[in-house]
Amino acid sequence: MRRYDSQDARRRVLAACARLFLEKGYTKTRMVDILREADVSSSSFQNIFGAKDGVLTAFVEIMFSGQFDAARQLAADAPTPAHVYAVETALQLALTELNENLRDVYLEAYTCPDTLALIHRRTAGELQAAFGAYLPEATAADFLEMEVGTAGMMRAYMARRCTADFPLERKIRRFLTMSLRVFRVPEDERARIIAHVATLDVCALARRVMNALFESLSMQFEL
């Protein structure tokens, strides 16, 4: 096993985790797998990330940035920020139906306290930008509290696999109906937003997002 400086060791661990998490999922990836793939010592790993959930937080920050950048490009023609939110949300739900390993990573991200806190902080600001006009009296703290609730709903919906009785289209419509009510989007506009999402081939768009995400990770980590 070679010795690497901390930056190189960090990059090697993240590259190893990108490969392993996408091939096996987070749950089935063992620490010994990460150390072997990255060719770093256990002490080096612990000095940089502390534990397995530490590398999850770093990996999810990279993955979510790539995912939402790709999703925003696809939603660029959406007429309002609330429409963009709806499209991004639909795509995230669709991604978990296309790839079980991604579902596993997402579920862990929405469970691990440090990673979940990162998601709450990043998403709360986006929610305020998208829905501040409907809630002019709401503060940043209010949107953070609302994000805690909607993130809990998101995790529950991602965890529930689609079935013939609960297909993806119904899952997306149900989630958007509830979340848009939380942000006090008027009923007529809620209907327009949900109807707009229903016209999209969400699975095809999600595949484009997934491919863009994989390509971004491959370029960054030379997978």
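Residues are listed down the side, and each one gets a yes or a no for (1) closer than 22 Å to Leu74 by Cα; (2) open to solvent by 50 Å² or more (accessible area, probe 1.4 Å):
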{"site": "Asp165", "(1), (2)": "no, yes"}
{"site": "Arg184", "(1), (2)": "no, yes"}
{"site": "His196", "(1), (2)": "yes, yes"}
{"site": "Leu200", "(1), (2)": "yes, yes"}
{"site": "Ala204", "(1), (2)": "yes, no"}
{"site": "Asn211", "(1), (2)": "yes, yes"}
{"site": "Leu217", "(1), (2)": "yes, no"}
{"site": "Gln220", "(1), (2)": "yes, yes"}
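Among the numbered conditions (1) of a type outside the set (S, T, N, Q); (2) closer than 17 Å to Thr115 by Cβ; (3) part of a helix (DSSP H, G or I); (4) in contact (Cβ under 8 Å) with a residue 40 or more places away in the chain, tell me where Tyr26 comes up short.
It fails just one condition, (3).
Residue-wise test of (1) more than 18 Å from Glu215 (Cα to Cα); (2) aromatic (Phe, Trp, Tyr); (3) out of contact with any Gly (no Cβ under 9 Å at 6 or more places or on another chain); (4) crowded, with 20+ Cβ neighbours inside 10 Å.
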| residue | (1), (2), (3), (4) |
| --- | --- |
| Gln7 | yes, no, yes, no |
| Arg11 | no, no, yes, no |
| Arg19 | no, no, yes, no |
| Tyr26 | yes, yes, yes, yes |
| Asp33 | yes, no, yes, no |
| Arg36 | yes, no, yes, no |
| Asp39 | yes, no, yes, no |
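To keep it simple, each residue is scored yes or no on (1) farther than 30 Å from Gly132 by Cα; (2) outside any helix (DSSP H, G or I); (3) in contact with a Lys or Arg (Cβ under 8 Å, 6 or more places away or on another chain).
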position: Glu37; (1), (2), (3): yes, no, yes
position: Ile48; (1), (2), (3): yes, no, yes
position: Leu56; (1), (2), (3): yes, no, no
position: Val60; (1), (2), (3): no, no, no
position: Asp77; (1), (2), (3): no, yes, no
position: Tyr85; (1), (2), (3): no, no, no
position: Ala90; (1), (2), (3): no, no, no
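Is there a residue being modelled with pLDDT of 90 or more and crowded, with 21+ Cβ neighbours inside 10 Å anywhere in region 58-79?
Among the residues of region 58-79, not one is modelled with pLDDT of 90 or more and crowded, with 21+ Cβ neighbours inside 10 Å, which makes the answer no.
Kindly evaluate Ala117 against the criterion of being surrounded by fewer than 19 Cβ atoms within 10 Å (Cβ to Cβ), under 17 Å from the mean Cα position of the chain (by Cα), assigned to a helix (DSSP H, G or I) and modelled with pLDDT of 90 or more.
yes
Restricting the search to region 125-138, which residues are of a type outside the set (A, V, I, L, M, F, W, C) and either under 18 Å from Pro81 (Cα atoms) or surrounded by 13 or more Cβ atoms within 10 Å (Cβ to Cβ) (or both)?
Gly125, Glu126, Gln128, Gly132, Tyr134, Pro136
Can you tell me which condition Met178 does not meet? The list is (1) open to solvent by 60 Å² or more (accessible area, probe 1.4 Å); (2) at pLDDT below 95, and all the others hold.
(2)
In region 147-163, what count of residues is obtained for those that are open to solvent by less than 70 Å² (accessible area, probe 1.4 Å) and not hydrophobic (A, V, I, L, M, F, W, C)?
Looking only at that region, the number is 6.
Of everything in region 80-93 that's over 11 Å from the mean Cα position of the chain (by Cα) and not hydroxyl-bearing (Ser, Thr, Tyr), which residue is most open to solvent (accessible area, probe 1.4 Å)?
Here the answer is Pro81.
The values are calculated or read from the model by the stated rules, or taken from the named source; none is laboratory data. The structure presented is a predicted model; accordingly, all values stated were derived computationally and were not measured. Cβ: placed from backbone, ideal geometry, glycine included. Neighbour counts: every protein chain shown. All accessible areas refer to the heavy atoms of the entire protein, side chains included, with ligands and DNA or RNA removed. Shrake-Rupley method; radii C 1.70, N 1.55, O 1.52, S 1.80 Å.
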